[in-house]
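A.B. asks: Sharing a structure below in structure tokens format, with a few things to ask.
What follows draws every value from the coordinates through simple rules; no lab data is involved. Quantities reported herein were computed from a predicted structural model and do not represent experimental measurements. Note that we place each Cβ from the backbone using ideal geometry, even for glycine, and neighbour counts take in every protein chain shown.
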Amino acid sequence: MYKIGIFGDTGMVGQEIEKVLKNHDQVEIDFRKNSRREAGNLNACDLVFLATKDPESMAYAPVACDLGKKVIDMSGAFRLPQAEFEKWYELSHQALELLGEAVYGMSALLRDQIAEARLVGNPGCYPTSVILALSPLKGLVEGHATIVATTGNSGARREIEDEPNEITYNYGRKHKHVPEMERYSGFNVDFTPIVLRSVFRGINANIKVELAEPLKNLTEAEVVEKLSQTIKAAYQPEDLVSLVEDTADKQWGTRDVADTHKLLIKVRVDEGFAYICSLIDNLGKGAASQAVENMNIMLGLPRLYGIDAAYRT
């Protein structure tokens, strides 16, 4: 039985991590810390989650690592090199001795590195939806990718509002997730995020990107098939990345990914552009269940252990 600690256990993501771990019979939570209290024995822990903001993560990560603990950080503090982090997050990095060894926690792309890491920077929710959909298509599409994505209110707040209220923020190239998307997808992006205040969870990311010249000589149906098969071939069954198609009887949306560890992708082609819709649960595969998957890999357990019991499959 592995001992686990959670810094920020009362926050939205910390609570979601605990929800997943309740279904995991190989670990038990032995330490909790938040702004009001600290309980348990950090020294006994094998691994800790930092469900904290960037400044707190930069303070707590060295403490945990110095004690010999494996660390999974949920903030942006360990996802980017120093210069990019300080530019986009407008903070001076306070844990440079760890930043160089941190591994980006996207298991579909970097599983082997995660298995050997002592510090993992868990990906952001928006970047997860974009990177997994876009990164396999290098060479088939080109130029800037334009992304418009909606998310439920749980990305920032606990409650939803009674009246619909859609908030566009940090649009263009202002959002701090832009460099993360670019670094790990291989594309330059323009990004418009929209919070749906009356919706609790789910990301619907819509990507427009130009087809590479050779594909423009094919029919739209042929291009859709080529893009779809390329995405399918990039992932293993355990990655839980699936291609879906709207029909007269079924329109795929965030309801299909809420409370799951899945990522669903729809592909269309029109007038020389690919239109890719990527659907995930922002609290699950975009945060907590992805972190638990990284924990499993770091502890030598099956990747999806405990996750399939916590979420719909």
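A.B. asks: Only bridges whose two residues both fall in the chain count here: according to DSSP, what percent of them are antiparallel, nearest 5?
C.D. replies: Working: 31 of 63 bridges.
Given both bridge residues lie in the chain, the antiparallel proportion sits at roughly 50 percent.
A.B. asks: What is the mean projected area of the alpha carbon convex hull for the chain, to one decimal in square nanometres?
C.D. replies: Result: 16.3 nm².
A.B. asks: Report, ordered by chain and residue number, the lysines lying within cross-link reach of K216, taken as a straight Cα distance under 23 Å and ignoring same-chain residues fewer than 8 apart.
C.D. replies: Straight-line reach from K216, under 23 Å: K138, K208, K226, K232, K266.
A.B. asks: Subtracting the Cα-Cα distance from 0.36 nm times the residue separation, let me have the gained length for E28 to D249 in nm, one decimal.
C.D. replies: 75.2 nm
A.B. asks: For region 50-144, with only Lys/Arg (+1) and Asp/Glu (-1) charged at the beta-carbon, what is the dipole magnitude about the Cα centre, in debye rounded to 20?
C.D. replies: Details: 8 positive and 12 negative charges, 58 e Å.
For this selection, approximately 280 debye.
A.B. asks: Which three extents, in angstrom, do the Cα atoms of region 38-163 have along their principal axes, listed largest first?
C.D. replies: Largest to smallest, the principal-axis extents are 48, 44, 27 Å.
A.B. asks: A further question follows. What distance in nm lies between label points placed 7 Å from Cα along the C-beta direction at E142 and E271?
C.D. replies: Placing both labels 7 Å along Cα→Cβ, they lie 2.1 nm apart.
A.B. asks: Please sort 89-100, 133-144 by packing, taking for each peptide the average over its residues of neighbouring beta carbons within 10 angstrom, highest first. List each step's numbers first, then the result.
C.D. replies: Values: 89-100: 14.7, 133-144: 18.3.
Those peptides, ordered most packed to least, come out 133-144, 89-100.
A.B. asks: Could you work out the relative contact order of the chain? I mean the mean sequence separation of Cα pairs under 8 Å and 6+ apart, divided by the number of residues, in percent. Numbers along the way, then the final one.
C.D. replies: Details: 684 pairs, mean separation 59.0, N = 313.
So the answer I get is 19 percent.
A.B. asks: Normalise the Debye intensity by I(0) for region 166-313, one equal point scatterer per Cα, no solvent, then take log10 at q = 0.10, 0.13, 0.14, 0.21 Å⁻¹ and round to two decimals.
C.D. replies: Scattering profile of region 166-313, log10 relative to I(0): -0.41, -0.71, -0.82, -1.48.
A.B. asks: If you don't mind, another one. Just want the answer: with Cβ charges of +1 for Lys and Arg and -1 for Asp and Glu, which residue in S242, A145, A221 is farthest toward the dipole's positive end in region 126-282?
C.D. replies: So the residue we want is A145.
A.B. asks: Right, next: Under 8 Å for C-alpha pairs, at least 6 residues apart: give me the relative contact order for region 126-282, rounded to a whole percent. Don't skip to the end; give the middle numbers.
C.D. replies: Values: 324 pairs, mean separation 46.7, N = 157.
Relative CO of region 126-282 lands at 30 percent.
A.B. asks: Same structure again: In degrees from 0 to 90, rounded to the nearest 10, what is the angle of the helix 289-298 Cα long axis to the longest principal axis of the chain?
C.D. replies: Approximately 60 degrees, to the nearest 10.
A.B. asks: Now a separate question. Rank-order 183-189, 216-222, 286-292 by packing density, defined as the average count of other C-beta atoms within 10 Å over each peptide's residues, highest first.
C.D. replies: Details: 183-189: 18.4, 216-222: 11.4, 286-292: 27.0.
With the highest mean Cβ count within 10 Å placed first, the list reads 286-292, 183-189, 216-222.
A.B. asks: Give the peptides 255-262, 125-132 in descending order of average Cβ contacts within 10 Å, highest first.
C.D. replies: Working: 255-262: 20.1, 125-132: 27.8.
Highest-to-lowest ranking by the protection proxy: 125-132, 255-262.
A.B. asks: Give the separation of the Cα centroids, region 175-200 to region 287-313, in Å.
C.D. replies: Between the Cα centre of region 175-200 and that of region 287-313, the gap is 24 Å.
A.B. asks: To test your reading of the geometry: what angle, between 0 and 90 degrees and rounded to tens, separates the Cα axis of helix 54-66 from the longest principal axis of the chain?
C.D. replies: 60
A.B. asks: Using only DSSP helix segments of four residues or longer, with each worth -39500 (n - 2.57), what per-residue ellipticity at 222 nm results for the chain after dividing by its residue count and rounding to 500? Each step should come with its number before you reach the end.
C.D. replies: Values: 10 runs with 91 residues, N = 313.
Estimated from H runs of four or more residues: -8000 deg cm²/dmol.
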